[in-house]
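See structure below.
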Amino acid sequence: MSLDVVDLRSFYDSPAGEVARRLIGRIVRHRFSNCTGYSILGVGYATPYLGVFREEAVRVLAFMPAQQGVINWPSSGYSASALVETTTMPLPDSSIDRAILIHGLEITEHPRDLLAELWRILTPGGRILVIAPSRSGLWARLDSTPFGHGQPFSRSQLRDLMRETLFSPTHWSEALYVPPFKHRTLLRSGIMFERIGGFFGLPGAGVLIVEATKQLYRPIPSLRRAQDSRPQFAPAPEPVGIAPVSTFEP
């Protein structure tokens with residue numbers, strides 16, 4: 001089930017949403033630390049994480065799924081947001097240097113098509129950050145947050161999906177160890193939860209974050225598999241009941 005854009009905006013205006021934005025955003029910024037001269041695309045509902053790039057990137061775009069709705073972003077100046085079909089985005093091939101996918105993969109009916117479309121528009125050597133709800137996390141078990149909607153992923157599921165769509169995972173992170181409760185004291189302890197969970201590698205993080213690069217060439221199948229797939233030819237038997245044609249010389 002897809003969340004409405006109004007619900008997503010309301011969540012990020014809440015204390016829990018502010019904690020999520022801060023904890024996920026610090027990882028996003030650390031992985032994409034210098035984007036001077038780059039083109040950056042956010043897909044899903046990525047606007048809470050895009051503002052930091054506006055001063056250094058050549059362009060920053062926010063594409064939101066048609067079933068979700070769209071809001072105007074940024075609040076001042078020219079709009080950089082658009083309502084799109086995420087499997088057919090209105091961008092040419094190899095036109096984006098960095099992509100951030102959040103609140104998108106878990107709610108789409110065609111995750112492979114979405115990632116394949118992002119592969120198409122990324123430049124050679126382009127990088128993507130995928131943020132998806134963790135199957136083992138508490139945030140995916142409560143529908144009071146956006147991370148509790150759609151299909152959560154395990155690390156192995158997300159890794160296989162990335163490889164199937166020709167992305168090479170290069171870095172894994174986790175975030176949102178803090179429980180998604182509305183108690184302000186608990187939410188203010190978010191950084192402490194993140195440090196403890198990350199240091200000890202504890203299970204139960206709310207989201208998985210994978211950074212991957214665009215793989216330019218498809219893997220070559222093994223020689224044995226290629227040989228097995230070759231067409232096999234066998235001599236056809238001589239038709240029965242048909243007399244052979246003979247030559248006649250007068």
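FYI, it's all coordinate maths here, none of it is from the lab. Everything numeric here is computed off the predicted structure, so don't read it as measured data. Don't worry about glycine lacking a Cβ; one is built from the backbone with ideal geometry, like all the others, and counts go over all protein chains shown.
Just a few scattered comments:
- Neighbour-limited loop hits for trypsin sites (Lys or Arg not before Pro), region 15-89 (at most 14 other Cβ within 10 Å; DSSP other than H, G, I, E, B): Arg54
- Simple spin-label estimate for Arg135 and Arg155 in nanometres, 7 Å along Cα-Cβ: 1.3
- Bridge type composition, region 5-214 - antiparallel percent by DSSP, nearest 5: 40
- Cα centroids of region 1-29 and region 152-172: 23 Å apart.
- FRET efficiency, 1/(1 + (r/R0)^6) with R0 30 Å, evaluated for Val6 and Glu109 via beta carbons: 0.90
- Computed lengthening from Tyr78 to His171, 0.36 nm per intervening residue step minus Cα-Cα distance: 30.1 nm
- Computed over region 53-112, relative contact order equals 25 percent, with contacts defined as Cα pairs under 8 Å that lie 6+ residues apart.
- Inter-label distance for Leu142 and Arg54, nm, one decimal - labels placed 7 Å from Cα along Cα-to-Cβ: 3.1
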